[in-house]
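*Asks:* Would you mind keeping the following structure in view while I ask a few things?
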Amino acid sequence: MRTRIFISRLSAIIMVFLLFLSIDANAQKEKLQTAFIYQVTRLIEWCPEGKEGNFIIGVVGNEPALIAELNALSARRVGSQQIEVKTFSSVGAITKANILFVPDSQFDNIGAIASKASGFCTLIVAEQSSAANKGAGISLVYNTRQSKLEFEINRSYMRRNSFNVNEQLYNLATSIY
C-alpha cells in the first residue's frame, strides 16, 4: 500500500517537473526567435521606404508568448527608428510592416500573406522548414533536440525586395535558395 502511494506521488512530481520543462522549452523558443529577429534588423539594410516611421515587427495570428517577448524590443531602435510590435489577426488585417512573422499555425496562408505584403518593404519570416522556398524570405525553424534555431534564406527574395543583406547572414544559414 505504501509503495503504491509513493509511486503515485512520485509520478505526480515527475509529471509536474516535465510540465515545467516543456514550458521552459517553449519560452526558450520565443526568446531565441526574438533574438534572431532583432539580429536580422542589424544585418539587413532596408529599402528606402522601410526606413520611414517606426520599425514595425508584425505577427500574423495569435501568438501571445512571442508577442510578449517581442514587446521587450520596443525599448530598442533599428537605426533611428523605434521598434513597434503589431499583431495581425488575419491576412486581410495585414498592413505595412518591416518584418512579418508567420507562425506555423498560419503557414497554410503563406501565399496570400506574401501577396498582401508584396506592396510593402517587408521581410517575411516563417516558422516552417522550406518556407524560404515557398514565399518567405527566411524560414526560421526551432530544433527541439538541440534547443536551437536554424534558418534558411532566399537570396532572390532579398534581391527582389531591395534588401541589402550582410554576408554573415548567408554564411550562418543552413540552406540558401
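*Asks:* Suppose every Lys and Arg Cβ carries +1 and every Asp and Glu Cβ carries -1, with no other charges. What dipole size does the chain come out with about its Cα centre, to the nearest 20 debye?
*Replies:* On the way: 18 positive and 14 negative charges, 83 e Å.
In debye, rounded to 20, the chain gives about 400.
*Asks:* Modelled label-to-label distance, Arg160 and Gln39, 7 Å Cα→beta-carbon offset: nm?
*Replies:* 2.6
*Asks:* So for the chain, taking the charge dipole from beta-carbon charges (+1 Lys/Arg, -1 Asp/Glu), which of Ile138, Thr122, Ser162 sits furthest toward the positive end?
*Replies:* Ile138
*Asks:* By the gyration tensor of its Cα atoms, with a ≥ b ≥ c the square roots of the eigenvalues, what is the shape of region 28-176: rounded for a/c under 1.5, prolate for a/b over b/c, or oblate?
*Replies:* On the way: a/c = 1.13, a/b = 1.07, b/c = 1.05.
It comes out rounded by the Cα gyration axes.
*Asks:* Assuming 0.36 nm per residue, please report the length gained on full extension of the stretch Ala93 to Ala65 beyond their Cα-Cα distance.
*Replies:* Details: separation 28, 0.36 × 28 = 10.08 nm, distance 2.04 nm.
Full extension of this stretch gives 8.0 nm more.
*Asks:* Rounded to the nearest 0.05, what FRET efficiency do Lys31 and Ala112 give with R0 = 30 Å and r taken as the Cβ-Cβ distance? Could you check?
*Replies:* Working: r = 29 Å, r/R0 = 0.97.
Efficiency, rounded to the nearest 0.05: 0.55.
*Asks:* Using a Cα distance threshold of under 18 Å, what count of lysine pairs results for region 28-176 when pairs must be 8 or more residues apart or interchain?
*Replies:* 9
*Asks:* Quick one: work out the % antiparallel among DSSP beta bridges in the chain, nearest 5. Working shown, then result.
*Replies:* Values: 10 of 27 bridges.
Antiparallel: roughly 35 percent of the beta bridges in the chain.
*Asks:* Sticking with the crude label model, points 7 Å out along Cα→Cβ, report the distance from Ser175 to Arg145 in nm, one decimal please.
*Replies:* Going by the 7 Å Cα→Cβ label model, 1.6 nm.
Only the coordinates and a few stated rules stand behind these numbers; no lab work does. Being a predicted model, the structure only gives us computed values, none of them experimental. Cβ: placed from backbone, ideal geometry, glycine included. Neighbour counts: every protein chain shown.
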